[in-house]
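The values are calculated or read from the model by the stated rules, or taken from the named source; none is laboratory data. Predicted model, so just to flag it, every value in this text is computed and none were measured. Accessible surface is based on the protein model in full, side chains and every heavy atom, while ligands, DNA and RNA are left aside. Shrake-Rupley method; radii C 1.70, N 1.55, O 1.52, S 1.80 Å.
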Amino acid sequence: MTMPSDSSYLPRTMPPVRPDMADAEFWRHCNARRLCFQRCLACRRFTHPPSVTCPFCRSPEREWVEAPPSATLFSFTFIHYAAHDSVRASLPYNVAVVAFPECGNVRLVTNVIDAAPGDLTIGMTVFLAWECHAEGQLLPRFRLAPEAGVR
Ligand code: ZN
(Lines give C-alpha, C1' and ligand atoms only; values in the text may rest on other atoms or scores of the structure.)
Protein backbone atom coordinates (compact mmCIF):
# COMPACT_ATOMS: atom_id res chain seq x y z
CA MET A 1 0.00 0.00 0.00
CA THR A 2 1.30 3.44 -0.87
CA MET A 3 0.69 6.48 1.27
CA PRO A 4 -0.93 9.56 -0.21
CA SER A 5 1.67 11.90 -1.63
CA ASP A 6 2.09 15.48 -0.44
CA SER A 7 1.12 16.77 -3.84
CA SER A 8 -2.46 16.71 -5.00
CA TYR A 9 -4.05 17.15 -8.43
CA LEU A 10 -6.18 20.02 -7.15
CA PRO A 11 -5.18 22.14 -4.14
CA ARG A 12 -6.13 21.03 -0.64
CA THR A 13 -7.33 24.60 -0.10
CA MET A 14 -10.44 23.70 -2.07
CA PRO A 15 -13.53 23.42 0.12
CA PRO A 16 -13.35 20.25 2.24
CA VAL A 17 -15.72 17.31 1.99
CA ARG A 18 -18.65 17.77 4.38
CA PRO A 19 -20.28 14.34 4.71
CA ASP A 20 -24.01 14.22 5.32
CA MET A 21 -26.38 11.47 6.44
CA ALA A 22 -26.49 9.95 2.95
CA ASP A 23 -22.82 9.94 1.99
CA ALA A 24 -20.90 9.74 5.30
CA GLU A 25 -20.37 5.99 4.87
CA PHE A 26 -19.11 6.49 1.29
CA TRP A 27 -16.42 8.86 2.61
CA ARG A 28 -15.55 6.52 5.51
CA HIS A 29 -14.95 3.73 2.98
CA CYS A 30 -12.76 6.10 0.95
CA ASN A 31 -10.62 6.81 4.01
CA ALA A 32 -10.08 3.05 4.26
CA ARG A 33 -9.03 3.03 0.56
CA ARG A 34 -12.20 1.25 -0.53
CA LEU A 35 -14.23 2.79 -3.34
CA CYS A 36 -17.71 1.47 -2.59
CA PHE A 37 -21.10 2.01 -4.15
CA GLN A 38 -24.55 1.37 -2.74
CA ARG A 39 -26.62 -1.52 -4.03
CA CYS A 40 -30.28 -1.86 -3.18
CA LEU A 41 -31.14 -5.12 -1.42
CA ALA A 42 -34.70 -4.98 -2.80
CA CYS A 43 -34.22 -4.24 -6.53
CA ARG A 44 -30.43 -5.00 -6.68
CA ARG A 45 -29.60 -1.80 -8.57
CA PHE A 46 -26.36 0.12 -7.95
CA THR A 47 -26.75 3.85 -7.35
CA HIS A 48 -24.46 6.84 -6.90
CA PRO A 49 -24.33 9.41 -5.34
CA PRO A 50 -25.34 7.76 -2.08
CA SER A 51 -28.89 8.19 -0.84
CA VAL A 52 -30.85 7.15 2.23
CA THR A 53 -33.41 5.27 0.13
CA CYS A 54 -33.15 3.64 -3.29
CA PRO A 55 -34.04 6.19 -6.01
CA PHE A 56 -35.65 3.39 -8.04
CA CYS A 57 -37.82 1.55 -5.52
CA ARG A 58 -37.54 3.67 -2.30
CA SER A 59 -36.27 0.76 -0.23
CA PRO A 60 -34.07 1.86 2.69
CA GLU A 61 -32.29 -1.53 2.64
CA ARG A 62 -28.89 -0.92 1.06
CA GLU A 63 -25.50 -2.61 1.04
CA TRP A 64 -22.04 -1.30 0.13
CA VAL A 65 -20.12 -3.10 -2.61
CA GLU A 66 -16.45 -2.42 -3.31
CA ALA A 67 -15.75 -1.36 -6.90
CA PRO A 68 -12.85 -2.74 -8.91
CA PRO A 69 -9.73 -0.51 -9.09
CA SER A 70 -10.34 0.45 -12.71
CA ALA A 71 -13.15 2.17 -14.59
CA THR A 72 -14.18 3.18 -18.09
CA LEU A 73 -13.87 6.83 -19.06
CA PHE A 74 -17.46 7.87 -19.84
CA SER A 75 -16.90 11.60 -20.43
CA PHE A 76 -14.43 14.36 -19.62
CA THR A 77 -13.65 18.03 -20.09
CA PHE A 78 -10.62 20.22 -19.50
CA ILE A 79 -11.31 23.33 -17.43
CA HIS A 80 -9.56 26.52 -18.61
CA TYR A 81 -11.40 29.07 -16.45
CA ALA A 82 -11.18 29.04 -12.64
CA ALA A 83 -14.63 29.00 -11.07
CA HIS A 84 -13.00 29.04 -7.60
CA ASP A 85 -9.85 30.97 -6.63
CA SER A 86 -8.24 27.87 -5.14
CA VAL A 87 -7.91 26.16 -8.56
CA ARG A 88 -6.48 29.11 -10.50
CA ALA A 89 -2.91 27.71 -10.37
CA SER A 90 -4.10 24.25 -11.51
CA LEU A 91 -5.48 25.32 -14.90
CA PRO A 92 -6.05 23.57 -17.20
CA TYR A 93 -7.33 20.58 -15.23
CA ASN A 94 -9.78 17.87 -16.19
CA VAL A 95 -13.07 16.74 -14.72
CA ALA A 96 -13.95 13.21 -15.73
CA VAL A 97 -16.98 10.95 -15.40
CA VAL A 98 -15.99 7.30 -15.06
CA ALA A 99 -18.30 4.28 -15.22
CA PHE A 100 -18.05 0.90 -13.49
CA PRO A 101 -19.43 -1.89 -15.71
CA GLU A 102 -19.11 -4.41 -12.84
CA CYS A 103 -21.32 -2.16 -10.69
CA GLY A 104 -24.28 -1.60 -12.96
CA ASN A 105 -22.43 1.13 -14.88
CA VAL A 106 -22.76 3.48 -11.93
CA ARG A 107 -20.84 6.71 -12.62
CA LEU A 108 -18.46 8.81 -10.53
CA VAL A 109 -17.28 12.40 -11.12
CA THR A 110 -13.51 12.53 -10.60
CA ASN A 111 -10.23 13.64 -12.20
CA VAL A 112 -7.60 11.75 -14.20
CA ILE A 113 -4.60 13.17 -12.39
CA ASP A 114 -1.82 12.40 -14.87
CA ALA A 115 -3.70 13.26 -18.08
CA ALA A 116 -2.79 16.24 -20.21
CA PRO A 117 -5.14 17.57 -22.88
CA GLY A 118 -5.02 15.01 -25.69
CA ASP A 119 -4.33 12.03 -23.42
CA LEU A 120 -7.97 11.09 -22.80
CA THR A 121 -10.29 9.08 -25.04
CA ILE A 122 -13.84 8.16 -24.15
CA GLY A 123 -14.06 4.43 -23.49
CA MET A 124 -10.47 4.05 -22.28
CA THR A 125 -9.69 2.26 -19.01
CA VAL A 126 -8.44 4.43 -16.13
CA PHE A 127 -7.10 3.28 -12.78
CA LEU A 128 -7.96 4.24 -9.21
CA ALA A 129 -5.49 6.47 -7.35
CA TRP A 130 -6.15 7.86 -3.86
CA GLU A 131 -5.28 11.45 -3.07
CA CYS A 132 -5.40 13.18 0.29
CA HIS A 133 -7.62 16.26 0.45
CA ALA A 134 -8.32 18.81 3.16
CA GLU A 135 -8.64 17.49 6.72
CA GLY A 136 -7.17 14.12 5.71
CA GLN A 137 -10.09 12.96 3.56
CA LEU A 138 -9.00 10.55 0.80
CA LEU A 139 -10.52 11.24 -2.61
CA PRO A 140 -10.94 8.63 -5.36
CA ARG A 141 -9.13 9.92 -8.44
CA PHE A 142 -7.80 8.08 -11.48
CA ARG A 143 -4.63 7.62 -13.54
CA LEU A 144 -3.82 6.53 -17.08
CA ALA A 145 -1.96 3.46 -15.79
CA PRO A 146 -2.24 1.45 -12.57
CA GLU A 147 -0.22 2.68 -9.63
CA ALA A 148 1.77 -0.02 -7.84
CA GLY A 149 0.09 -1.13 -4.64
CA VAL A 150 -3.21 0.66 -5.18
CA ARG A 151 -6.31 -1.40 -4.88
ZN1 ZN B 1 -34.20 -0.46 -5.12
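The mean accessible area for residues of the chain, using a 1.4 Å probe and ignoring ligands and nucleic acids, is 53 Å² per residue. Short-range pairs are left out: with C-alpha atoms under 8 Å and at least six residues apart, the relative contact order of the range 68-146 is 30 percent. What a 1.4 Å probe finds exposed on the range 18-66 is 50% carbon and sulfur by accessible area, rounded to a whole percent. The range 98-115 and the range 21-79 have Cα centres lying 11 Å from one another. Counting every pair of alpha carbons in the range 18-66, the share spaced more than 18 Å apart comes to 24 percent. Normalising the average separation of contacting C-alpha pairs (under 8 angstrom, six or more residues apart) by the number of residues puts the relative contact order of the chain at 26 percent. Derived value for the range 57-151: Kirkwood hydrodynamic radius 14.6 Å. Basis is the mean of 1/r over every pair of different alpha-carbon atoms.
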